[in-house]
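Taking it in order: structure first as structure tokens, then the write-up.
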């Protein structure tokens, strides 16, 4: 197992693979709709389309939503760029309608381009504080997404034109991303419209391109 990437490839892997993993939900509606199907369109950091399912279960006196989703690149429905997530999300503490929420997410993601093919396993931890009511919510969030281990297969073009000694294999610590911003949603019956917007920076607090993330999602509870 190798612990460093070939020159300049670490930044490319971080930008392509480290997608902000947070997902905000209205915890005030967990007792009304234990099952949820959802879809979203996002800049995250590329344009992606996500579909998923979540179910609320009791865990040590807390309602915890366990969710899973898959996402692919929206431009031309690019299956070479994908992400799959498993997430646990809950209200950690609350006073009336004010909630402190937290999520833990396991992430698998892949990408392929003219330079390399990459497969990454990572995790995200995100916390949020906000007002959650059955008909709406608004919150501020902060989290960290870490690419823990990544497998890289370099292309022949990269070896010929950039770095002939590039080695394929598993690499630890391809990078991480801080993300911070706001989210909100409104509910009409069993349907929710949820939006998120914020900024992201590398774990060294350097700017990313693009520097922002955003999503608009539709949730149906039952």
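The values are calculated or read from the model by the stated rules, or taken from the named source; none is laboratory data. Worth saying up front: this structure is predicted, and the values here are computed from it rather than measured. Glycine gets a Cβ as well: all are built from the backbone with ideal geometry, and neighbour counts include every protein chain shown.
If I go through the range 98-131 residue by residue, how many of them are touching a helix residue (DSSP H, G or I) at 6+ places or on another chain (Cβ under 7 Å), touching a residue at least 60 places away in the same chain (Cβ under 8 Å) and not in a strand (DSSP E or B)?
Pass one, the range 98-131, residues touching a helix residue (DSSP H, G or I) at 6+ places or on another chain (Cβ under 7 Å): 99, 101, 109, 111, 114-116, 118, 120.
Within this subset, residues satisfying the condition of being touching a residue at least 60 places away in the same chain (Cβ under 8 Å) are 99, 101, 109, 111, 115-116, 118, 120.
After this cut, where a residue has to be not in a strand (DSSP E or B) as well, the list is 115.
Matching residues across the range 98-131 total 1.
Tally up the residues in the range 27-63 that are assigned to a strand (DSSP E or B) and over 17 Å from residue 87 (Cα atoms), please.
6
Scan 214, 175 and give me the residue that is touching a helix residue (DSSP H, G or I) at 6+ places or on another chain (Cβ under 6 Å), within 19 Å of residue 105 (Cα to Cα) and touching a residue at least 40 places away in the same chain (Cβ under 8 Å).
Values: 214 fails: touching a helix residue (DSSP H, G or I) at 6+ places or on another chain (Cβ under 6 Å).
Going through 214, 175 in turn, just one is touching a helix residue (DSSP H, G or I) at 6+ places or on another chain (Cβ under 6 Å), within 19 Å of residue 105 (Cα to Cα) and touching a residue at least 40 places away in the same chain (Cβ under 8 Å): 175.
Condition test on residue 72, is it touching a strand residue (DSSP E or B) at 6+ places or on another chain (Cβ under 7 Å) and crowded, with 21+ Cβ neighbours inside 10 Å?
Details: touching a strand residue (DSSP E or B) at 6+ places or on another chain (Cβ under 7 Å): yes; crowded, with 21+ Cβ neighbours inside 10 Å: no.
So residue 72 fails the test.
Just the residues that are closer than 22 Å to residue 33 by Cα and part of a strand (DSSP E or B), please, taken from the range 185-214. Working first, answer last.
Applying the first criterion (closer than 22 Å to residue 33 by Cα) to the range 185-214 yields 185-196.
Once the filter is applied, which keeps residues that are closer than 22 Å to residue 33 by Cα and part of a strand (DSSP E or B), the range 185-214 yields 185, 186, 187, 188, 191, 192, 193, 194, 195, 196.
For the range 167-178, indicate whether the set of residues that are surrounded by fewer than 21 Cβ atoms within 10 Å (Cβ to Cβ) and outside any strand (DSSP E or B) is non-empty.
To start, the set of residues in the range 167-178 that are surrounded by fewer than 21 Cβ atoms within 10 Å (Cβ to Cβ) comprises 167-170, 172-173, 176, 178.
Adding the requirement that they be outside any strand (DSSP E or B) leaves 167-168.
Scanning the range 167-178 turns up at least one residue that is surrounded by fewer than 21 Cβ atoms within 10 Å (Cβ to Cβ) and outside any strand (DSSP E or B).
State the number of residues belonging to the range 5-26 that are in contact with a strand residue (DSSP E or B) (Cβ under 7 Å, 6 or more places away or on another chain), farther than 30 Å from residue 93 by Cα, part of a loop (DSSP other than H, G, I, E, B) and modelled with pLDDT under 50.
0
Can you pull out every residue in the range 88-97 that is surrounded by fewer than 18 Cβ atoms within 10 Å (Cβ to Cβ) and in a strand (DSSP E or B)? Let's see the steps before the verdict.
Here is the first cut: in the range 88-97, the residues surrounded by fewer than 18 Cβ atoms within 10 Å (Cβ to Cβ) are 88, 92-97.
If the condition is that a residue be surrounded by fewer than 18 Cβ atoms within 10 Å (Cβ to Cβ) and in a strand (DSSP E or B), then 88, 92, 93, 94, 95 are the ones that fit.
Quick check on the range 132-148: of everything there that is at pLDDT 95 or above and in contact with a helix residue (DSSP H, G or I) (Cβ under 8 Å, 6 or more places away or on another chain), which residue is surrounded by the fewest Cβ atoms within 10 Å (Cβ to Cβ)?
134
What about residue 196, is it more than 14 Å from the chain's Cα centre (by Cα) and surrounded by 15 or more Cβ atoms within 10 Å (Cβ to Cβ)?
no
Examine the range 149-161 for a residue that is within 15 Å of the chain's Cα centre (by Cα), assigned to a strand (DSSP E or B), at pLDDT below 95 and over 30 Å from residue 190 (Cβ atoms), and state whether such a residue exists. Before you say what the answer is, go through the steps one by one.
Step one: filter the range 149-161 for residues within 15 Å of the chain's Cα centre (by Cα), giving none.
No, the conditions are met nowhere in the range 149-161.
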